[in-house]
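What follows is a single structure, written as C-alpha cells, with notes after it.
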Amino acid sequence: MVALNEIPRRRYTAGATPLEHLRRLSAELGGPQIWIKRDDRLGLTQGGNKTRKLEYLIADALNQGADTLITVGGVQSNHCRLTLSAARAEGLDCHLIVEEDLGPDGTALGPAGANPPEHTGNFLLFDLLGADSVTVLGHGADLLGEAEILAEKLRGEGRIPYIIPVGGSNPIGALGYVDCAHELLDQFAEEGVDSPTIVTPSGSAGMQAGLIVGLHSAGSTVPIIGINVSRSQAEQEPKIVDLVDSTARFLDLPHVPRDATTGLGDYVGTGYALPTPEMAEAVRLFARTEGILLDPVYTGKAAAGLIDLIRSGRFPSEDTVVFVHSGGVPGLYARTQAFT
Ligand SMILES: Cc1ncc(COP(=O)(O)O)c(C=O)c1O
C-alpha cells in the first residue's frame, strides 16, 4: 500500500473544513440528523471540491516541470475556475477549453455560438483571473482532443503543458478525496457522529470515488450515496467503479467491492446544469433555514435528492446523514432565472 503522505501535494487550504450540525434544517424536514461537510470553504478562489484534487494534480504537474496548465469543462465550470486560480497561485500559465451548455430542453445545440456564455458567474471569473486563453466550443465538442492539439502547439513553442482532465477526475485527483475520507473519519470520532450515511453530488466521479477508496482503505463501512448531476444510475455507476478501481490500484490497495458504489440518477432532470423545481426548492430551504448557499448544478440537485430520500422515508429519525457541500456557488449568479 502506498502511503498518502508520501505522494507529492501542494496545500491550498489551512486545516480541515468544518463539519457542522444542521439542527434547523433537520427539524424542518423532521427526519434524520443532517450534518454538512463545508468543502465550499476550501482554499483558492471561492473554494469547492476541485481544490482538494488540485493539491495532488498541481504537485504532479510541477514535478513534471510543467509551466502551463490546460483544462476543460462547461462554460460555468467550477473546475476551470479553480485550476486557473491554482495556476495564478503557482505562477503558471493556464488555458481553458469549455463547451457551451445544453439547450433549455436538454437538446444539444450544435456548433459554437448556438448558446454563448454570459459574462457572469465562473465565466466572469475566468476573465478576472486572467486566463491565458478561453476557447468556447459547441456542446458535445471533443474538449480533450482540442486540449491535446493546443498542448502540441505549445510544445512547439517551447512550453511544457500539463493537461488536467474534466473535473480533475483521474486517480491523482481522486487522492484529494481519499484524504478527505480520513479527515471525515477523524471528525466523526471527535463530534460523536455515529454510523452516518454520506450523501454527495456525483459528476465526473472523482469526489465520490476518492471517498469510497479512502473509507475502504481505513476499514470503514460508512455508506456513500452519490446523487448524479448528469447521468442515469446505469450510466454513472460504471464510471464511479472504474475510478474506484484505478485509484485503488494507484495506491496498491485491495479491490473495493462493487456494492460500495451507488449513484442515483433520479434527480438530474432534463440534463446537466438545467434547473429543476426541486433544486430551486432545496437551494431556498438551505438558505432560509441555515443561511447556507448551495449551487444550482451540483449541490442543489444533490440536496433535492437528499430531501426526497428523507421525505420518502429512506432515513429513519434516529439516522445521521452527512451532506458534502462541494462548492460551486459562483454558478448561482449565472442561473438566476431558475429562481424567478
Ligand atoms: C461544485 C461541484 N460539486 C460537485 C462536483 C462533482 O464532483 P465530481 O466531478 O468529482 O463528481 C463538481 C464538479 O465539477 C463541482 O464543481
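The values are calculated or read from the model by the stated rules, or taken from the named source; none is laboratory data. Predicted model only: the values in this text are computed from it and were never measured. Positions of Cβ are generated from backbone atoms using ideal geometry, with glycine treated the same way; all protein chains shown enter the neighbour counts. Each accessible area value is taken on the protein alone, full model and side chains, heavy atoms only, with ligands, DNA and RNA left out. Shrake-Rupley method; radii C 1.70, N 1.55, O 1.52, S 1.80 Å.
Observations, loosely collected:
- Whole-angstrom gap from the stretch 292-332 to the stretch 235-262, using each part's C-alpha centre: 23
- Projected label points at E6 and A112, each 7 Å from Cα along the beta carbon direction, are separated by 4.5 nanometres.
- Computed from the Cβ-Cβ distance with R0 of 45 Å, the FRET efficiency linking D242 to S312 stands at 0.90.
- With all protein chains in place and a 1.4 Å probe, the accessible surface of the stretch 7-75 carries 41 percent carbon and sulfur.
- Its Kirkwood hydrodynamic radius, worked out from the mean inverse distance over all distinct Cα pairs, puts the chain at 20.1 Å.
- Over the chain, accessible surface divided per residue gives 40 Å², non-protein components excluded, 1.4 Å probe.
- Projected onto their three principal axes, the Cα atoms of the stretch 36-177 cover extents of 47, 42, 29 Å, largest first.
- About the Cα centre, charge dipole magnitude for the stretch 50-168 (Lys/Arg +1, Asp/Glu -1 at Cβ), debye: 340
- Theoretical ellipticity at 222 nm over the chain - DSSP helices of four or more residues, -39500 (n - 2.57) apiece, nearest 500: -12500 deg cm²/dmol
- A simple charge model with +1 on the Cβ of Lys and Arg, -1 on the Cβ of Asp and Glu and nothing else charged puts the dipole of the chain at about 400 debye relative to its Cα centre.
- Loop GluC sites (Glu not before Pro), the stretch 127-216 (other Cβ atoms within 10 Å of the site Cβ: 10 or fewer; DSSP): E157
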